[in-house]
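The values are calculated or read from the model by the stated rules, or taken from the named source; none is laboratory data. If you're wondering where the values come from, they're calculated on a predicted model, not measured in any experiment. Note: ideal-geometry Cβ built from the backbone for every residue, glycine included; neighbour counts use all protein chains shown. We work out accessible area using only protein heavy atoms, side chains counted, and drop any ligands, DNA or RNA first. Shrake-Rupley method; radii C 1.70, N 1.55, O 1.52, S 1.80 Å.
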Amino acid sequence: MDWFYRNAGVDVPQAVRSPQVPAALSALLHAVGGMPVAEEQPDLKALVEVLVDEACRHVLRTTPSGPAVPGVVLLPDKEGRLCAQATPVVDVNATAAEALAALPAIGPALARALIKERRTRGRFAGPADLVDRVDGVGPTIVERLGTTLSYGPGAPPPVTPAEPGSAFAAVVAMSRHADGPADPVLGALDLLCSVCSAQPHPASVGSRPHPATTGRNAPAVHKADGLELLENGYHAALLDLVRNATRSVDVCMFHIALGGPDHPTRALLVALGEAVQRGVAARVLVDRDRRTDPYRSTVVNRPAVELLESLGVMVRFDREDRLLHSKFAVFDGRWTVVGSHNWSAGSFAEFDDVSVLVDGMNVAVAQVSRFDALWASAQA
């Protein structure tokens, strides 16, 4: 841990150094890509420095910073009535557990849960996000806290330092405030975790080696028992797999276009609904684009999403800030269909799309793991 204290830009006495630093560093390394599997024994210290420096530069480019404004909290008076009282604003995305625990209706247990959630899944966007993500924090607690919680407003810093290690010192300076941890290194790692876990590196999402540090490493190869090329027979094969599924179906699809009563996609969606009725756990994840994007994914996918919801199928849109261009489905943890086919009439019959059917639990497990990560960060 000496590297962090040498590059913090401030002197941190031994007595102030927090034992929580290794856990925060572990969470950060997972978010920014984890540690690759090397053919030769890696220089772990150098890899950690590369990953942390990359995280710092990302945070300095994208994270707002700025002063807090006065807030209001609802506290009971002597007769038990809730009254508004002025109080300093607490930044829920940066404040230490001790300061959070001191807030009305929070306490140590909820403070620990809040810290864990923001390290694992990123910064809280607002009160509704806080309620949705932290068990035990409900609308009543948020109402009592009033405007005493902030979510990190301000303007991003204009310059990212160029010297090695200097980016971490800049993050330390950004993260320091009165309610933060006494150890400024822990405060900086908490900030890095909360930002990077909300926007994890693609290598981390896909459980792949980190490209900045892999050297001669090759991606993992998952062995399969059999392969079948699906071109014109894609739709028929998918329909057969859905109708014969007994345990689970996970579908990750860029576009699911739904036309009239005779549209070929409708048969697949109805079959998914029938699978749910016989006890199959079915999940469908589709792309959600921004208004400025050219893909029209939200418009294209909306009718299919509404039909799936009416049939009792679990369905979610992906985050709009990420392009979900995958097209794969996994059946019963064994069969995986992956390739270039969207679920559309053009892909089924007109376009030169091709996919493969893979029979192999290793491949299926890897794809389900990837699906789970996408599903967890998606919008229900």
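Here are some notes:
- Along its principal axes, segment 267-316 has C-alpha extents of 41, 17, 14 angstrom, given from the largest down.
- FRET efficiency, Arg243 to Ala46 (Cβ-Cβ, R0 35 Å, nearest 0.05): 0.10
- Of Thr140, Thr298, Thr265, the residue with the largest accessible area leads and the full order is Thr140, Thr298, Thr265 (1.4 Å probe).
- Per principal axis, descending, Cα span of segment 235-340 in whole Å: 40, 29, 22
- Contour excess over end-to-end distance, with Cα ends at Ser26 and Trp3 and 0.36 nm allotted per residue: 6.8 nm
- For segment 284-364, the per residue solvent-accessible surface stands at 47 Å², with DNA, RNA and ligands left out and a 1.4 Å probe.
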